[in-house]
There are 2 protein chains.
Amino acid sequence: MTAHATRTARRRDPSTSAAAGREAVLKAALEAFFAHGYHDTSMRKIADGAGTVISHAYYYFPSKVEILRTLMIGVTTDLIVILEAARDAAGADPVERLAALVRNHVRLHTERQAESFVANTELRSLSATERQEVVDLRDHIATLFKDVVDDGLQQGRFTTPHRDEAVLAIITMCTAVAGWYRTDGPKAPEAIADAYVDLALGMVGYAAPSAG
Amino acid sequence: MTAHATRTARRRDPSTSAAAGREAVLKAALEAFFAHGYHDTSMRKIADGAGTVISHAYYYFPSKVEILRTLMIGVTTDLIVILEAARDAAGADPVERLAALVRNHVRLHTERQAESFVANTELRSLSATERQEVVDLRDHIATLFKDVVDDGLQQGRFTTPHRDEAVLAIITMCTAVAGWYRTDGPKAPEAIADAYVDLALGMVGYAAPSAG
DNA sequence: GGTCAATTTGAGCGAATGTTCAATCAAGGT
DNA sequence: ACCTTGATTGAACATTCGCTCAAATTGACC
């Protein structure tokens, strides 16, 4: 089946060799960063976790911080794509749109908890240039929420006089889920997402049409 | 005035020498932890910031982590005292009580921003025993909010079906203020506190008695 | 002036850190 | 069988880390 594969294939099978090694390093680094933090994780521990040696980890990544950057940028850009898709799929109603943003934000922060947690915790571990990259992505996410809330305010569906604080607080509480969620906890991700949608709507002063 | 002071006074004036040196180390450590994080702050930098040498810092504190512990325990216990006093001073109304908790929580996180930020960021930098100490204090704070929200739910003033999530999210958003507040920002601490009271009441499903 | 305890210092310890590099290995193409 | 190229390795570099300690300094009290 996997005989001659593609014509431009590398010498070794890239699906088992090269790419797999890189992924192993990424995965080991993520687990260590999540459990002990970036500065408490040494390149030796990362290499150990990936089942290799330190010098081989440097074959895939030029530096320790580049591993962190890869993880942070990856999950954050994915989050943007997911949020924008969910918002568009929710139609034009700002209530539905905000609900979709909150629901998918929470969902990703449970499904990819480690990446999300690291991305939200280790911002200071990046140097100025790299940090700005992530900050820009975050600002973009904030804009997504801001625009939807503005829309709801203009349509009179939301009534809060504190738009900026509400948006910031909504994103903050959704993000924090990655810090306490446990797979074996009392609530499933979907139940948490439902609750957070209600909380967010309460924060923007959404007056639910009481029954019909 | 400060002539012979108390009978049991130490040889040197403790108000200018011993205590001041300790305070200088604490202050320098706090600034560095706040700006660069615990693991990116060396004892040498702390000593430099305090205007002394590394060995002298160890005269006041047995280890680097003990400095962190001192800062974290200090601000957290203070927060508890302040919150309980504010709650009691607010009377019996759960709406007033929750407002008092939120207002004072936000206030302390702006007034003592650095300590609060470090206390909320560097939990993992403590070892198990010390971490549990702080976690217990935090649990106590969570209980303060939980009890007030329960009270409001029983009295029918609050209507949220998500008590646990609401309490957690309220504390989270209040705590996060220490992460973004700027003295020269667009809003004064009191204005932020006002907004956060509104947000919190929205989260617990407080149906405001509309005019009168 | 001498005593004693509190304070302050400089030098250095061993361990751990991120990173480098020359050398080896493995396999596909010819 | 050779060549080439990507993959993998062990050893070590320089630096920084938290921390120790014996010695010096200071100032209040007799």
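None of the figures in this text is laboratory data; all of them are computed from the coordinates on show. Predicted, not measured: the structure shown is a model, and the values here were computed from it. Reconstructed Cβ throughout: ideal geometry from the backbone, glycine too, with neighbour counts over all protein chains shown.
Observations on the structure shown:
- Theoretical ellipticity at 222 nm over the protein assembly as shown - DSSP helices of four or more residues, -39500 (n - 2.57) apiece, nearest 500: -23000 deg cm²/dmol
- Summary of packing: across the peptides A:176-186, A:107-117, the per-residue average of other C-beta atoms within 10 Å ranks them, highest first, as A:107-117, A:176-186.
- Between helix A:128-154 and chain A: long-axis angle, C-alpha atoms, 0 to 90°, nearest 10: 20 degrees
- At an R0 of 22 angstrom, the distance between the Cβ atoms of residue A:140 and residue A:93 translates into a FRET efficiency of 0.45.
- When +1 charges are put on Lys and Arg Cβ atoms and -1 charges on Asp and Glu Cβ atoms, the dipole computed for the protein assembly as shown relative to its Cα centre reaches about 1520 debye.
- Per-residue mean of foreign Cβ neighbours for A:29-37 is 1 (Cβ atoms of other chains, 10 Å radius).
- About its Cα centre, the dipole of region A:139-212 is roughly 140 debye, where the only charges are +1 on Lys and Arg Cβ and -1 on Asp and Glu Cβ.
- Shortest-first distances to equivalent copies, position residue A:191, nm, label 7 Å out along Cβ: 4.1
- Lysines whose Cα lies under 23 Å from that of residue A:146, excluding same-chain neighbours fewer than 8 positions away: B:187
- Projecting 7 Å from Cα along the Cα-to-Cβ direction, the label point of residue B:123 sits 1.8 nm from its equivalents in the other copies, listed shortest first.
- Relative to the longest principal axis of the Cα atoms of chain A, helix A:189-203 runs at roughly 40 degrees.
- Relative contact order %, region A:138-212, counting alpha carbon pairs below 8 Å whose residues are six or more apart: 42 percent
- Peptide-level mean, for B:169-176, of C-beta atoms on other protein chains within 10 Å: 6
- Working ranking of peptides A:33-40, A:150-157 by packing, defined as the average number of other Cβ atoms within 10 Å per residue, highest first, is A:33-40, A:150-157.
- Sorted by Cβ density within 10 Å, fewest first, the residues B:30, B:144, B:98: B:144, B:30, B:98
- Pairwise Cα separations in the protein assembly as shown fall into 10 Å bins from 0 onward with the following percentages, short to long: 4, 18, 27, 25, 15, 8, 3, 1, 0, 0.
- Value of relative contact order over chain A, rounded to a whole percent, pairs C-alpha under 8 Å and six or more apart: 21 percent
- Across the identical copies, how the residue A:36 labels are spaced - nm, sorted shortest first, 7 Å along Cα→Cβ: 2.2
- Fewest-first sequence of B:65, A:148, A:134 by Cβ atoms within 10 Å of each Cβ: B:65, A:134, A:148
- Per-residue mean of foreign Cβ neighbours for B:190-198 is 3 (Cβ atoms of other chains, 10 Å radius).
- In summary, the lysines within cross-link reach of residue B:45, defined as a Cα separation below 27 angstrom excluding same-chain residues under 8 places away, comprise A:45, A:64, B:27, B:64.
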